[in-house]
Amino acid sequence: NAASKQPPLPSPLRFSKFFQSNMRILVTGGAGFIGSHLVDRLMENEKNEVIVADNYFTGSKDNLKKWIGHPRFELIRHDVTEPLLIEVDQIYHLACPASPIFYKYNPVKTIKTNVIGTLNMLGLAKRVGARILLTSTSEVYGDPLVHPQPESYWGNVNPIGVRSCYDEGKRVAETLMFDYHRQHGLEIRIARIFNTYGPRMNIDDGRVVSNFIAQALRGESLTVQSPGTQTRSFCYVSDLVDGLILLMGGSDTGPINLGNPGEFTMLELAETVKELINPEVEIKIVENTPDDPRQRKPDITKAKELLGWEPQVKLREGLPLMEQDFRFRLGVGKKI
Ligand code: NAD
Ligand code: UDP
Ligand code: UDP
């Protein structure tokens, strides 16, 4: 018959030699701050195809505009609390609002994103045999009683507080990752990220570095939440992205702390921003929010030993890079 005279349909296997070293990578939350920098780095490798799934709650297409239309790039409007059926080799699972203002805005949605969203991405990883990396957080240590925090510390977290949707949500996400690893043999990686800053942070996102830079550029007082002696350690985003890629490519499941061990009080941070950006502005102490951790500094011994990773960009070098981006977006002065 006629059909038997047709040439055989091309089988995907016939092309497997050609494609074998290509890697199809899903980045959930890829339209956000860290995710879009990660996408930039992954797209630099011509062997990578990158798919971003994002619901644009705190992210935006603008962060990815240089890749839209690129043949190795695909952007899907998708909420990770719904199942996702695609074929990929690796999953970087970042989807989750990271700023306290946004994750407290709809706490039930935040915990669903952490729990159901992570479950769905694990189900996807299991079905297609993909390696999956979760971006967990230093918030799993809560208000830590051990300082600096090593990965072996179990944390001091309020289970019923206003931050719990985020920090307990991430703790459950970590549990799910390890249960899928033990029960189904999934290849997992967990990064515990400490405060990260850099270009493309939402200008009004409420986190301290973006607040201070925007305030300094607008000539407003820098709002240090009391007492101002609480500490954080700030990692520049390019360093963080290096750490995520090394962790994904390495052989250790983690959890591994990724952060910059340089520790500053919020008053010191305000003084540094004032000095570097606008010496005219005042620093004022304002009321704090509940359950604010008093200190936070990563112990990065494990990342150094297992990944050969440590941050390169100092706070005084990273702040001016972020200032340029904020000046441009706020329309204050020219981008250099
Ligand atoms: P971000 O808010 O800029 O990015 C989060 C992205 O996830 C956004 O694009 C948002 O639209 C998307 N998203 C949120 N809920 C979603 C859902 N239900 N479905 C699909 N997409 C969803 O935050 P970020 O700073 O880039 O953080 C990225 C990840 O890193 C988060 O998992 C966060 O918990 C983690 N992390 C960040 C920091 C930090 O300092 N920035 C610190 C620790 C951990
Ligand atoms: N899932 C998904 N994409 C897939 C496979 C699974 O989103 O490709 C979701 C699925 O809807 C389920 C979750 O992942 O809610 C967990 O899947 P798993 O197969 O581990 O568990 P089960 O479906 O048996 O509950
Ligand atoms: N903070 C501040 N002024 C601000 C915003 C935040 O002093 O305008 C403080 C806040 O009280 C906390 C620290 O900065 O001690 C870091 O807060 P952020 O929301 O950036 O991150 P997280 O609490 O998640 O570490």
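Tabulated data
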| quantity | calculated |
| --- | --- |
| FRET efficiency estimate (nearest 0.05) - Cβ-Cβ, His147 to Asp252, R0 25 angstrom | 0.55 |
| Dimensions (Å) - the range 167-313, Cα atoms, principal axes, largest first | 57, 32, 25 |
| Equivalent ellipsoid semi-axes, the chain, via Cα gyration tensor eigenvalues times 5, rooted, Å | 37, 23, 18 |
| Ascending count of other beta-carbon atoms within 10 Å, so fewest first, for Lys65, Lys302 | Lys65, Lys302 |
| Contour excess over end-to-end distance, with Cα ends at Ile68 and Met23 and 0.36 nm allotted per residue | 14.3 nm |
| Amide H contacts of Leu186 (H built 1.01 Å from N, under 5 Å, at least 5 apart or other chain) | His181 |
| Prolate/oblate/rounded label for the range 215-299 (Cα gyration tensor, a/c 1.5) | prolate |
| Phi-based couplings in Hz for the range 113-121 (Karplus 6.51, -1.76, 1.60; Gly and Pro marked x) | 4, 5, 8, 5, x, 5, 4, 5, 5 |
| Over 24 Å between alpha carbons, listed pairs Lys65/Lys109; Lys170/Lys314; Lys47/Lys314; Lys61/Lys109; Lys274/Lys314 | Lys65/Lys109; Lys170/Lys314; Lys47/Lys314 |
| Estimated 222 nm signal from helices in the chain, with DSSP H stretches of n ≥ 4 weighted -39500 (n - 2.57), rounded to 500 | -10500 deg cm²/dmol |
| HN-Hα J in Hz across the range 149-154 - Karplus 6.51, -1.76, 1.60, θ = phi - 60°, x for Gly and Pro | 8, x, 5, 6, 6, 7 |
| Gyration tensor (alpha-carbon) shape descriptor, the range 262-336, a/c threshold 1.5 | oblate |
| Sequence-distant residues sharing a close amide H with Leu258 (under 5 Å, placed H) | Arg192, Ile193, Phe194 |
| Relative contact order for the chain, counting Cα pairs under 8 Å that sit 6 or more residues apart, in percent | 16 |
| Neighbour-count order for Leu85, Leu75, Leu319, fewest beta carbons within 10 angstrom listed first | Leu85, Leu75, Leu319 |
| Per-residue HN-Hα couplings for the range 25-42 [Karplus 6.51, -1.76, 1.60; θ = phi - 60°; Hz; x = Gly/Pro] | 10, 9, 10, 7, x, x, 8, x, 5, 5, x, 5, 5, 5, 4, 3, 5, 5 |
| Stretch gain in nm, segment Asn158-Leu306, where the contour uses 0.36 nm per residue and the Cα spacing is subtracted | 50.2 nm |
| Segment Val172-Glu82, extension gain: residue separation times 0.36 nm, minus the distance between their alpha carbons | 30.6 nm |
| Antiparallel content of DSSP bridges confined to the chain, in %, to 5 | 10 |
| Cα Rg, Dmax, the range 94-205, angstrom units | 14.4, 42 |
| Under 5 Å, built H, 5+ apart or other chain: amide partners of Met23 | Asn48, Glu49 |
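Just so you know, all these numbers are worked out from the coordinates, no wet-lab data involved. The shown structure was predicted, so the numbers you read here are calculated from the model rather than taken from an experiment. Quick reminder, even Gly has a Cβ in these numbers, built from the backbone with ideal geometry, and neighbours come from all protein chains shown.
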